[in-house]
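Comments concern the structure below.
Just so it is clear, none of the values below were taken in a lab; they were calculated from the coordinates. Everything quoted here is computed from the prediction, not taken from an experiment. Every residue, glycine as well, gets a Cβ built from its backbone with ideal geometry; the counts of neighbours run over all protein chains shown.
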Amino acid sequence: MNRQFLRIDIGLFVPAFFLLVIGLAGIFSLNPDLFRAQLLFSVLAIFAFIFFSQANFQSLKESSVLIYIASIIILVIVLLVGVEARGSVRWLEFFGFRIQFSELLKPFLSLSLASFLATRNNYSLKLFFLVLALLFPIWFLIFLQPDLGNSVIYFLVAVFVMFIFGFPLRYFLLSLFLMIVSFPIFWRFLREYQKERLLTFFHFRVDSLGTSYNAIQSVIAVGSGMFMGRGLGQGTQSTLRFLPERHTDFIFATLSEELGFIGSLLILLAFGFLFYRIFLIYKNSDSLFSKIFAQMTFFLFLIQFFINIGMNIGIMPIVGVSLPFVSYGGSSLLSSFIFLGFLSSMSRTTHSKEVLEIK
C-alpha cells in the first residue's frame, strides 16, 4: 500500500523539481527573505503534488459544475474584498499569506472544462458559443482585477483546446472577426499602462526611460550573461535593480545574466522534457477527459513559457506572465504542481490499465 501511495510520475516531477531548484537559487541570489517565503511554498507545492497525484480525479470530474460556480463566486469575492497592491485587486489574505485565486483556480477550472467537453460529442456552432459563454465570466472577472496576463492565458488555452477538440476552423474565424469589430470596446477597458505597453511593443511609441525601460533592461540582462554567466548574485542588472520585477516576470533575464547561455539552455531543456512527458500522457490516455486535461496542461505551460521568455528577450509585449516553477510566487507554484499532481494520477491510471491488459 505504501508503494502504491508513493507511486508518482517521475517524468513529470524531475524536470519540475529541477526548474524549482534553479528558480530558488536565482531568488536567493536576489533576496534571502523572498527565498525563505518561496522555499515554504515549494514544500507546500511538493506536498500538493503528492496529494493530488493520489486523488481520484473521476470524483472531481463529477463535481465540475460545483467547481465552476464556486470559481465565479471566489473571483467576485476577490473583486469585492481583495487586497489591493499596485493598483490591482488580485489577492485574498489568510493568516498573513496572500493567495492569488486567478492562479490557484487554473487546475480546477481545467478539470471542469475538460469534463464539460468530454460529455459532448458534437461540434456545433451552438456548443462552440456555449463554451465561450461559460468561459466569459471567468475571463472578464480576471480582466477586471486587472490581470491582463492571466486573462490572455485563460483565453488562449481555451482556444487551442477547442481547436484540437475538433471545432471547425470557420467558427474561430467568425470569432476572430467579432473580436476585431469589438476591439475598440476592449481598448476602452484597458488601463493606461496596459495601453502604453502594447503601443510600445508595436513601436508606435518609444520611451527608453518610461514604457520601454523594462524591455530594454531585460534584453541587456540576457545578453550580458554571455556563455557562462556572471555567477549567482553577481549580475549587475538584477542586483543593482536596473532590471524591474527581477524575481517574477523577469526571472529568466536574471538567471540568464547570472548563469549565462548554459543556464538558459538547461532551463529550456527542462521545459522541453516536461512538455514531452505531458504529450506522452496525452497520447497514451484512452480517456477523452484525461486527453483534454493533458492538452490544457500542455498549452497552459507552453503559453506561459513562450510569453514569459518572449517578454524577457523582447519579442512579446509585457503583460505580467510568470515563468512556471521558476518565478517567485506561491499561488503560481501551487497551481503548477497541482496540475502535475492531477496528470500524475491520470498517468498512474493509464499505466495500471496497461499492466492489467498484459496480465
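Order 184-192, 309-317 from most to least packed using the mean count of other Cβ atoms within 10 Å.
Numbers: 184-192: 10.0, 309-317: 18.8.
Peptide ranking by packing, descending: 309-317, 184-192.
Projected area of the chain, taken from the Cα convex hull and averaged over every viewing direction, in nm²? Walk me through the numbers before you get to the answer.
Working: hull surface 77.8 nm².
Seen from a random direction, the Cα hull of the chain projects 19.5 nm² on average.
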* Structure fact -> Scalar couplings 3J(HN,Hα) for the range 70-78 by Karplus 6.51 cos²θ - 1.76 cosθ + 1.60 (θ = phi - 60°), nearest whole Hz, x for Gly and Pro, are 4, 5, 5, 4, 4, 5, 5, 4, 4
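In a shell of Cβ-Cβ distance under 12 Å around ASN56, excluding ASN56 itself, what net charge do Lys and Arg (+1) and Asp and Glu (-1) give? Don't skip to the end; give the middle numbers.
Working: positive: LYS61, ARG348; negative: GLU62.
With Lys, Arg at +1 and Asp, Glu at -1, the neighbours total +1.
Note down the magnitude of the dipole of the chain about its Cα centre, charges +1 on Lys and Arg C-beta and -1 on Asp and Glu C-beta and zero elsewhere, to the nearest 20 debye. Intermediate values should be presented prior to the final figure.
On the way: 25 positive and 17 negative charges, 119 e Å.
About 580 debye.
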* Asked: Placing +1 at every Lys and Arg Cβ and -1 at every Asp and Glu Cβ, with all other atoms neutral, what dipole size does the range 1-153 have around its Cα centre, in debye to the nearest 20?
  -> 300 debye
* Show that you can apply the helix-only estimate: for the chain, add -39,500 (n - 2.57) for every DSSP H stretch of four or more residues, divide by all residues, and state [θ] at 222 nm to the nearest 500. => -24000 deg cm²/dmol
